[in-house]
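Here the structure comes first, spelled out in structure tokens, and everything after it is commentary.
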Amino acid sequence: MIRFMKWLILFIFLMILAARLWLRRLNLAHLARHGHEVPAGFQGEIDGPLLARTSDYTLANSRVGLAEALYGSLLLALFLFGGPLAWYDRWITGLADSFVVQGVLFVLGLMLFQTLLDVPFSLYRTFVLEERFQFNASTPRLWLTDFLKSLGIGSLLLTLLAAGAFALVQASPDGWWLWVWAFFAAITLLLMYLSPVLIEPLFFKFQPLQNEQLVERVKAVMAGAGLRVERVQQVDASRRSKHSNAYFTGIGRVKRIVLFDTLLEQMDDDEIVGVLAHEAGHWKLGHIWKRLLTMELVSLAVFWLAWQLLSWGGLPGLFGLEHVSFAGQVLLLGFLASLAGFPLTPVSSALSRRHEWQADRFAVDLTGQTAPLARALVKLCKENLSNLHPHPLYAWFYYSHPPVVDRVARLSSAESE
């Protein structure tokens with residue numbers, strides 16, 4: 001029975017991998033059939049050569065993603081089902097006697113190993129793929145500096161999280177699930193406060209937005225939504241990439257708005273205000289705290305279930321193993337959770353898309369205009385070479401945002417009402 005369960009889990013894993021690859025292939029086939037068509041609302045902005053370049057970029061990205069998915073999945077299957085996990089677990093437990101230290105070394109070692117495995121793909125994306133499509137602005141030195149900073153910060157945070165979690169497990173073996181959940185929830189909120197002021201400035205240079213007229217317009221629009229903006233800043237994202245973006249940070253009523261310098265170059269003031277009005281909609285409609293609350297409630301249930309399964313003690317047997325440390329069992333449980341979560345992907349995607357529709361509607365009501373946001377969406381697609389022809393099933397399953405063609409069409413219909 002135990003041997004059967006091991007092969008059943010492996011079979012499910014391979015079937016999910018096959019489903020992911022099939023969806024990717026379906027999406028690319030749809031692009032091949034319709035990639036030459038200029039969607040409604042994009043005339044004058046998108047032409048044949050640009051559509052061809054967009055298709056080439058999507059295809060190149062998908063090929064790299066396919067190679068990365070196969071590479072990572074095969075290594076994961078080999079590690080869990082081929083014997084390396086048992087060897088790694090014995091090696092880690094032999095390095096220290098402390099339960100907490102063993103746990104920290106276990107997760108830290110896996111994180112470092114995964115980071116090194118990702119290096120070739122990161123280098124290829126940055127200096128081959130992005131360079132080919134004229135998005136890359138980084139240099140090898142800047143890439144290496146960012147890599148070392150990310151590695152250092154990630155290692156430090158993971159060490160603190162793992163040490164705190166395993167210490168709570170050791171201190172409260174019969175109720176650790178609640179304490180560890182509360183610990184992780186507190187760290188999540190703390191990072192939302194600290195990341196904009198401590199971590200992000202290590203990578204980017206922030207300065208007040210130079211366009212004072214735009215600053216006043218943004219503050220006025222945000223005030224109309226009941227949001228007080230403390231700072232409107234621009235960031236030197238163009239040092240690394242030509243891709244553009246904008247985002248809000250902050251908790252409570254005081255917000256900070258950050259605009260990529262690439263976005264400022266690509267859009268006029270009306271379009272920028274439209275994009276920010278959309279982001280304001282997420283805050284005003286409670287999407288941020290609702291997502292956070294939902295995530296924490298789901299996490300609470302997951303931690304309780306994890307406590308039950310780890311107390312059961314039968315997890316190693318499901319993978320054909322006689323004994324695995326507590327940290328190793330957490331890894332096995334996380335793997336099973338990823339399998340169980342795959343069918344729920346479209347549910348999460350659908351909820352996110354609903355919020356995006358609502359934020360679009362809020363932006364229109366707030367600004368009294370539909371055209372600026374529609375133009376901004378078209379420009380974002382044009383400048384970022386976004387796929388304008390995703391397969392409906394692929395978009396339904398994965399897309400956290402509605403396909404941009406649908407968003408522009410809905411905005412155009414609202415303008416004509």
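The values are calculated or read from the model by the stated rules, or taken from the named source; none is laboratory data. Note that this is a predicted model, so its numbers are computed, not measured. Glycine also receives a Cβ, built like all others from the backbone with ideal geometry; neighbour counts cover every protein chain displayed.
Apart from one condition, Trp304 fits all of (1) out of contact with any Asp or Glu (no Cβ under 9 Å at 6 or more places or on another chain); (2) touching a residue at least 60 places away in the same chain (Cβ under 8 Å); (3) surrounded by 15 or more Cβ atoms within 10 Å (Cβ to Cβ); the exception is (3). Taking the criterion of being assigned to a helix (DSSP H, G or I), out of contact with any His (no Cβ under 8 Å at 6 or more places or on another chain), touching a residue at least 12 places away in the same chain (Cβ under 8 Å) and closer than 18 Å to Leu300 by Cα, would at least one residue in region 205-219 satisfy it? Within region 205-219, not a single residue is assigned to a helix (DSSP H, G or I), out of contact with any His (no Cβ under 8 Å at 6 or more places or on another chain), touching a residue at least 12 places away in the same chain (Cβ under 8 Å) and closer than 18 Å to Leu300 by Cα.
So that you can scan it fast, the table gives a plain yes or no per residue for (1) in contact (Cβ under 8 Å) with a residue 12 or more places away in the chain; (2) within 30 Å of Arg33 (Cβ to Cβ); (3) assigned to a helix (DSSP H, G or I); (4) touching a His at 6+ places or on another chain (Cβ under 8 Å):
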| position | (1), (2), (3), (4) |
| --- | --- |
| Thr54 | yes, yes, yes, no |
| Ser62 | yes, yes, yes, no |
| Leu80 | yes, no, yes, no |
| Arg90 | no, no, yes, no |
| Asp97 | no, no, no, no |
| Val104 | yes, no, yes, no |
| Thr115 | yes, no, yes, no |
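When Ala371 is tested against (1) more than 29 Å from Lys242 (Cβ to Cβ); (2) at pLDDT below 95; (3) surrounded by fewer than 16 Cβ atoms within 10 Å (Cβ to Cβ), exactly one condition is not met: (1). Evaluation of Asp146 against the conditions (1) in contact (Cβ under 8 Å) with a residue 40 or more places away in the chain; (2) part of a loop (DSSP other than H, G, I, E, B) shows that the sole unmet condition is (2). Of all the residues in region 319-365, those that are part of a helix (DSSP H, G or I), of a type outside the set (Val, Ile, Thr) and within 23 Å of Val169 (Cα to Cα) number 12.
Just one of the numbered conditions (1) part of a helix (DSSP H, G or I); (2) crowded, with 17+ Cβ neighbours inside 10 Å; (3) within 28 Å of the chain's Cα centre (by Cα); (4) not basic (Lys, Arg) is not true of Leu66: (2).
Go through the residues of region 179-186 one by one and say whether even a single one is within 21 Å of the chain's Cα centre (by Cα), without any contact (Cβ under 8 Å) to a residue 40 or more places away in the chain and surrounded by fewer than 16 Cβ atoms within 10 Å (Cβ to Cβ). For region 179-186, residues within 21 Å of the chain's Cα centre (by Cα), without any contact (Cβ under 8 Å) to a residue 40 or more places away in the chain and surrounded by fewer than 16 Cβ atoms within 10 Å (Cβ to Cβ): present. In region 255-262, the count of residues that are within 20 Å of Arg407 (Cβ to Cβ) and among the polar types (S, T, N, Q) is zero. Candidates in region 221-258 are the residues that are at pLDDT 90 or above and in a strand (DSSP E or B); of these, the one that is surrounded by the fewest Cβ atoms within 10 Å (Cβ to Cβ) is Ser241.
Among the residues making up region 382-402, a single one is farther than 21 Å from Ala350 by Cα and hydrophobic (A, V, I, L, M, F, W, C): Leu385.
Is one or more of the residues making up region 20-29 under 20 Å from Leu117 (Cβ atoms) and assigned to a helix (DSSP H, G or I)? Within region 20-29 (the criterion being under 20 Å from Leu117 (Cβ atoms) and assigned to a helix (DSSP H, G or I)), the answer is yes, since at least one residue qualifies.
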